[in-house]
Amino acid sequence: MVAQLSPMMLELLSLYEITSWRFPRSEEEILLWFIDKASRLFGVTGFSVEVKIPGSPAPQVWRWGEKGVEPQHRYSWRDAELELEMSLVHPQGFDERARRLLNVLGCQLGQNLRTFYWYQRLQYLTCHDCLTGLPNRAYFEAELERLKEAFAYPVSFIVCDLDNLKEANDNQGHSFGDELLRAAAKLIKESVRESDVVARIGGDEFVVILPRTERQAALKVARRIKKRMAAHNSQFPHIPLSISVGVGTASSPGRLREGLDEADRAMYRDKVQRKERFVRRNGSAGPTCSRTLHRRPEDGADRRAGL
């Protein structure tokens with residue numbers, strides 16, 4: 001003979017079930033957790049959950065089978081801090097015990113969502129540059145590792161260096177330098193495909209990863225960046241951009257770093273050539289050559305990598 005559990009013990013077991021959870025990997029996992037608890041513990045036949053996701057313009061809404069229900073058969077709960085509203089329905093309504101437990105379910109749902117959203121935010125901040133919103137060096141290095149196992153070759157790189165950033169910061173203040181960086185990031189991002197990765201990997205340096213892109217196609221993209229830069233400077237002369245650009249291509253996973261180095265050398269060469277042209281025209285220095293190379297490029301490689 002099996003002894004029946006007391007109402008208090010049943011309530012404690014329900015509390016244990018509601019508050020037992022594992023870290024969610026997605027919103028869908030949280031929703032499945034919620035549906036399981038609501039239907040199995042409370043016999044819920046319909047629900048709606050509306051939550052305002054941080055940073056999103058519109059609320060996320062989950063809804064199932066809760067239309068046309070009498071008010072006395074509905075239980076509603078709200079978390080003002082998270083901007084979460086939960087509504088559940090049952091054919092016979094909810095007694096006082098169920099309402100106490102549903103309060104706990106709502107709190108746990110809010111906590112699960114809050115934890116998930118903060119984790120997403122931290123992940124984003126870890127892998128993105130807070131000034132430009134672009135992926136940072138950590139993201140870039142992870143993407144290079146991923147490409148070693150991908151069928152995306154040839155992979156081309158475009159290295160872009162914002163000229164005279166230090167001088168802009170020293171002479172006109174860091175807020176102006178930040179404005180230049182944001183403008184450069186926007187210009188480069190708008191010059192490439194949605195599927196391409198644009199990362200800010202240093203103070204004044206950006207790299208574009210172009211999967212499945214031959215060298216000639218990458219050179220066209222580099223020229224597009226230059227063309228957009230000229231148009232930007234014509235339209236916004238108060239935020240003048242000077243960007244040195246270089247292209248390199250890797251034909252296989254083992255040549256990824258070679259392709260990146262090739263683009264880096266070509267960018268440096270572009271900076272030198274543009275400085276020399278500026279000096280010939282104006283008699284004073286233009287783009288500065290402040291970057292330090294890991295090694296000197298060979299003459300033949302220079303000619304092959306140039307724009």
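For the chain, the Kirkwood estimate of hydrodynamic radius, built from reciprocal distances between every pair of different alpha carbons, is 23.7 Å. Only helices enter this figure: runs of n ≥ 4 DSSP H residues, each worth -39500 (n - 2.57), summed and divided by the residues of the chain, yield -16500 deg cm²/dmol at 222 nm to the nearest 500.
Our note on the geometry: Cα centres of the range 187-222 and the range 122-164, 10 Å apart. Compared with the direct C-alpha span, the chain from residue 167 to residue 239 gains 24.5 nm at full extension, assuming 0.36 nm per residue. At 0.36 nm per residue, minus the direct Cα-Cα distance, what do residue 123 and residue 230 gain on full extension? Give it in nm, one decimal, please. That works out to 34.9 nm of additional length. Each residue of the range 205-211 is assigned a 3J(HN,Hα), and the resulting list reads 10, 10, 10, 9, 9, 10, x Hz, derived from the Karplus form 6.51 cos²θ - 1.76 cosθ + 1.60 (θ = phi - 60°), x at Gly and Pro.
Applied to the range 82-87, the Karplus parametrisation 6.51 cos²θ - 1.76 cosθ + 1.60 on θ = phi - 60° returns per-residue 3J(HN,Hα) values of 8, 6, 10, 10, 10, 9 Hz, with x for Gly and Pro.
Over every Cα atom in the range 137-305, the radius of gyration and the widest Cα-Cα span, Dmax, amount to 15.8, 50 Å. Across q = 0.22, 0.29 Å⁻¹, the range 202-269 modelled as identical point scatterers on its alpha-carbon atoms has Debye log10 I(q)/I(0) values of -0.98, -1.33, in the order of the q list. Taking other Cβ atoms within 10 Å as a rough exposure proxy, 40, 74 sort from fewest to most as 40, 74. Could you list log10 I(q)/I(0) for the range 143-194 at q = 0.13, 0.19, 0.23 Å⁻¹, which the Debye formula gives when each Cα is one point scatterer? Values, matching the q order: -0.50, -0.76, -0.89. Converting phi to 3J(HN,Hα) with the Karplus coefficients 6.51, -1.76 and 1.60 and the offset θ = phi - 60°, the range 253-267 yields x, x, 10, 4, 5, 4, x, 5, 5, 4, 5, 5, 5, 5, 5 Hz in sequence order, with x at every glycine or proline.
Semi-axes of the equivalent ellipsoid for the range 100-196, computed as √(5λ) from the eigenvalues of its C-alpha gyration tensor and ordered from largest down, come to 37, 23, 11 Å.
Normalised by 2.2 N^0.38 Å, where N counts its residues, the alpha-carbon radius of gyration of the range 7-121 equals 1.04. Each of 216, 177, 14 was scored by the projection of its Cα onto the charge dipole of the chain, and the greatest displacement toward the positive side belongs to 216; charges sit on the C-beta of Lys, Arg, Asp and Glu.
Each reported figure results from applying straightforward, stated rules to the coordinates on display, with no laboratory input. Source: prediction; values computed, not measured. We place every Cβ from the backbone using ideal geometry, glycine too, and count neighbours over all the protein chains shown.
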